[in-house]
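Participant: This is the structure, below, for whatever I ask next.
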Amino acid sequence: MKQHAREFFHLPPARGHRIPALRVAAGIVIPLIALVLLGRADLTIYAVFGALTGVYGRMEPHWLRLKHQTYAGILMCASVAGGVALAAAHASAWAVTGLATILAGVLSVVSDRLSLRPSGPFFYLFAFTASASVPFDGQLWEAATTAAASVAVALLIGFAGRLRAHRHHPDRGLLEDPHAPWPRMLRHAGRYVAAMGLAGSLATALGLGHSYWAMIAAAAPIAAADATRGLVRAVHRVVGTYGGVALTAGLLTLHWAALPLAVLLAGLQFIGEVFVIRHYSIALVFMTPVALMMTGFVAASPSQGLVADRAVETTIGAAIAFAVILLTTSHSGAGGVSSSPARVLAEHGPRASDAG
C-alpha cells in the first residue's frame, strides 16, 4: 500500500507525450470549428467521437499507426451509427444497457484480436452509449458521415509526420506483436460483460437517468491485465473524476459560445492526453469536462445536479469494476499484484477515455 501511495503522487516527466497529445487536440478542434462555421453544431458530439480515433497507436510507427487507426475508426463509426439508430428508435435505458453489454464482449474480442492500443472497447462503448442517449433531430447518415470525416482528419494528422520522418528514420512497417491467446481474450471479454451489465442494470434500476456513465466507469478499469492494475485504475478513475466534476462545475458558471467551447474542449483534451500515461487521475481532471460539456453544442450545459450524478454513477461503476476484477482475476503468477501504478499506466495507459 505504501508503494502504491508513493506511486500515486509520483509524476514522470512529460517527454514524448506532447506531440501525440497535440495530434489528438488538433484532430478535435479542426472538425469542431468546421461544424460551428457551417452552422451544424448539432453534429459536434459525433465529430468528437470520430476524432478520438487519434488516441490509438500514439507511439507506434506511422504505417502501423495508420493501420490501427483505420481499424479503430471503422469501429468508432459503426458505434456512433448504432447509437444514433437506437436514439432514433427511442430505445429504453434497459435496451441500451442490454445491447451495450453484448457489444462489450464482442468489441473486447475484436479489439484484442486487432491488437489495438489503448486496449479494450472503452471508446466504442462510450460512443455507442452516449450517441444512444443524446437527442438528435437529424438523419443517421449525417451523424455517421460526420464521424467518418472526423476519423479521416485524425488519420491524416496521424500519418502526416511520415512525410518528414521518411527522410531521417526508417519506418518499422506493419510488424506488430501477436494477439493474446483466445482463452485469455474470452475471459477478458467476460469481465467486460459482467461489469457493464451489472453497472448499467444497477444505475437503470435506481433511475439515475444516465446509466451509461456507470457502465463506462465500470469498463475503464477492466482493460488492465491483472487485479492490481485494474484496481489501481479504478482508484485513479474515481479520484480523477471527482476532480474533473469540480472543474466542470466551475466552468459551467461561465457562458460558452460554440466557437470558444470548441477551443476549450480541444485544450482540455490536449492537457489530458499529456498526462494520461503519466498520471491517469490528473488526466481525468481535464478529460471529464470534455465528456460532460461536449453536449453543450446541442443542448443546455449540464446542470450542477447532472454533474453530481456523474460523480455518483462513476462511483457505482468503479465499485462494480473492483468487485468483478477481484472475483475473476488470479492474484498469483506473472504480472500479479506486484505491478506498480506507474508501470500499469505506461503499459496500458487509458485515454480520453476514459473521459466517458
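The values are calculated or read from the model by the stated rules, or taken from the named source; none is laboratory data. Treat the numbers as computed from the prediction; the structure is a model and nothing was measured. Cβ coordinates were reconstructed from backbone atoms using ideal geometry, including for glycine residues, and neighbour counts include every protein chain displayed. Please note that ligands, DNA and RNA were not included when accessible areas were found on the heavy atoms of the full protein model with its side chains. Shrake-Rupley method; radii C 1.70, N 1.55, O 1.52, S 1.80 Å.
Participant: Grab the helices (runs of 4 or more DSSP H) fully contained in segment 89-199, keeping just those with 2 or more residues being modelled with pLDDT of 90 or more and in contact with a Pro (Cβ under 8 Å, 6 or more places away or on another chain).
Facilitator: Here the list reads 93-113, 140-165.
Participant: Further question on the same structure: Looking at segment 125-160, which of the residues that are hydroxyl-bearing (Ser, Thr, Tyr) and farther than 13 Å from residue 69 by Cα is most open to solvent (accessible area, probe 1.4 Å)?
Facilitator: 145
Participant: Which residue, of 24, 36, is under 14 Å from the mean Cα position of the chain (by Cα), among the β-branched types (Val, Ile, Thr) and in a helix (DSSP H, G or I)?
Facilitator: It is 24.
Participant: Test residue 115 against the criterion of being open to solvent by less than 10 Å² (accessible area, probe 1.4 Å) and either without any contact (Cβ under 8 Å) to a residue 12 or more places away in the chain or over 26 Å from residue 293 (Cβ atoms) (or both), and give yes or no.
Facilitator: no
Participant: Considering only residues that are among the β-branched types (Val, Ile, Thr), assigned to a helix (DSSP H, G or I) and modelled with pLDDT under 90, which ones fall in segment 289-311?
Facilitator: The answer is 295, 307.
Participant: Suppose we filter 65, 40 for residues that are at pLDDT 90 or above and under 19 Å from residue 295 (Cβ atoms); which single one remains?
Facilitator: Exactly one residue qualifies, and that residue is 40.
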